[in-house]
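The values are calculated or read from the model by the stated rules, or taken from the named source; none is laboratory data. The shown structure was predicted, so the numbers you read here are calculated from the model rather than taken from an experiment. Quick note on the areas: whole protein, heavy atoms, side chains included, nothing else; ligands and nucleic acids left out. Shrake-Rupley method; radii C 1.70, N 1.55, O 1.52, S 1.80 Å.
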Amino acid sequence: MYKLLIIEDDQIMGEMLAMYLTEEGYSVKIADHGQKGLELAKSFSPDVFLVDMILPDMHGTRLCSELRSFSFAPILIVSMKTDVSDRVEALQAGADDYICKPFSLREISAKIGAMIRRTHQYQQPTSIENTEQTDTTIPCSENTFLIDLERRAIYVNQFHVETTFSEFEIMRLFITNEGKVFSREELLYELRGFDSFVTDRAIDVHIANLRKKIEDNPKEPKYIRTVWGVGYKFISGN
């Protein structure tokens with residue numbers, strides 16, 4: 001049974017979500033404050049977080065950053081705010097998707113299901129025999145990139161690079177399809193499907209975050225390159 005943690009200070013909204021998602025087969029816990037949510041997250045280890053942007057004790061973006069310090073589980077922001085700047089701010093803080101109130105319970109359940117499927121899609125049973133088969137290594141003159149599909153981990157020169165759910169999926173596509181040009185629409189489809197609320201701008205934010213993590217000079221990227229008028233591609237060497 002997959003576990004969900006709802007961090008929402010609106011009691012009626014939190015209980016409504018918990019009731020519906022419990023009936024959908026999830027194990028659900030609710031926190032009405034950010035600090036309580038952090039404490040529950042460490043003991044409950046949820047598979048997905050549902051986080052309200054406005055909480056009594058902290059802003060949702062700060063909470064996302066705090067959650068990202070110890071968890072790689074997907075974060076879905078649930079908010080009354082509809083401005084693009086609010087969505088971008090949440091994504092930069094570590095969120096993976098954003099849905100505005102009011103919303104359809106079926107839509108939010110579908111988003112959660114998609115996040116969980118993609119999180120576990122590439123995992124295989126752990127064993128010494130198949131550990132090497134889950135690694136994809138791309139060496140180049142300056143850096144070696146390795147992606148471990150089973151552990152959902154990315155390494156550059158043997159150093160672990162922390163990524164969000166969406167950042168990992170983008171790097172998986174790039175590393176396993178080196179040189180292929182992906183449009184923003186293709187990346188969105190791979191991450192969410194066509195019905196995602198997140199726009200093309202979200203992809204640009206994820207790319208900018210990845211460049212900060214793997215590039216020596218994010219302003220002059222060598223590996224994640226922009227193909228003007230089309231999208232992005234990954235090149236491991238010059």
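List of remarks:
- Gaussian network model of the chain, springs between alpha carbon atoms under 10 Å - residue of Arg172, Arg62, Arg87 with greatest fluctuation: Arg62
- Under 5 Å from the amide H of Val161 lie the amide H atoms of Ile154, Tyr155, Val156, each residue being 5 or more positions distant or on a separate chain, with H modelled from the backbone and absent for Pro and chain starts.
- Structure remark: mean-square fluctuation, Gaussian network model of the chain, C-alpha springs under 10 Å; the largest value among Met16, Met171, Met115 belongs to Met16.
- Amide H contacts under 5 Å for Ile7: Ala31, Leu50, Val51, Asp52, restricted to partners 5 or more places along the chain or on a different chain, H placed in the peptide plane at 1.01 Å from N.
- All Cα-Cα distances of the chain, cut into 5 Å bins from zero to the largest, leave 1, 6, 14, 18, 19, 16, 12, 8, 5, 1, 0, 0 percent in each bin in turn.
- Carbon + sulfur, % of accessible area of the chain - ligands and nucleic acids excluded, 1.4 Å: 51 percent
- Acute angle (nearest 10 degrees) that the helix 165-176 long axis makes with the longest principal axis of the chain, alpha-carbon atoms: 20 degrees
- Using equal-weight Cα scatterers in the Debye expression, the normalised intensity of the stretch 1-94 in log10 at q = 0.19, 0.21, 0.25, 0.26 Å⁻¹ is -0.83, -1.01, -1.38, -1.45.
- Derived scalar couplings between HN and Hα for the stretch 205-212 equal 5, 4, 5, 4, 5, 5, 4, 5 Hz in order, rounded to whole Hz, by the Karplus curve 6.51 cos²θ - 1.76 cosθ + 1.60 (θ = phi - 60°), x for Gly and Pro.
- Of all beta bridges that DSSP places with both ends in the chain, some 55 percent have antiparallel geometry.
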